[in-house]
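Bear in mind that the values in this text are calculations on the coordinates, not laboratory data. Since the model is a prediction, treat every value here as computed from it, not as a measurement. Counting neighbours? That spans all protein chains shown, and the Cβs are built from the backbone with ideal geometry, glycine included.
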Amino acid sequence: MIDINVDEEKLQDEIQKRVKEAVESAETDLVLWDTKELRRRTCMSWNTIKEHFFYDPRCPKMKIGGKCYFPAEEMKAFLMEWVEEQKKVSPWAVPTDKRP
């Protein structure tokens, strides 16, 4: 009979490390996002994207063969900047002691 002892904490750490590596690898694989990928990454509908930031002149986009593409790294940077701006104007950004 074979008896195997596993250090649960070390196993959990190793699993988390490998999952993190896999996610980072997957995120860097794409150079361009199409509209479907942009919708997936933002968890927004296409109408919401167009209403809120698609027409912002800072939004990095290009049209190739009638289809919109977004450079992945530039779009990530733009979205983080845009989100920070939204926090400043959102009612949720106001501290609870300052709310009416």
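A few points about this structure:
- Test: residue in the range 46-54 that is of a type in the set (Asp, Glu), within 26 Å of Gln86 (Cβ to Cβ) and loosely packed, with under 13 Cβ neighbours inside 10 Å: yes
- The residues in the range 18-32 that are in contact (Cβ under 8 Å) with a residue 12 or more places away in the chain and either part of a loop (DSSP other than H, G, I, E, B) or exposed (fewer than 10 other Cβ atoms within 10 Å of the Cβ) (or both) can be counted, and the count is 2.
- Listed by first and then second residue, the pairs linking a residue in the range 33-62 that is touching a residue at least 60 places away in the same chain (Cβ under 8 Å) to a residue that is of a type outside the set (Gly, Ala, Ser) and surrounded by fewer than 16 Cβ atoms within 10 Å (Cβ to Cβ), with Cβ atoms under 8 Å apart and 6 or more places separating them unless they lie on different chains, form an empty list.
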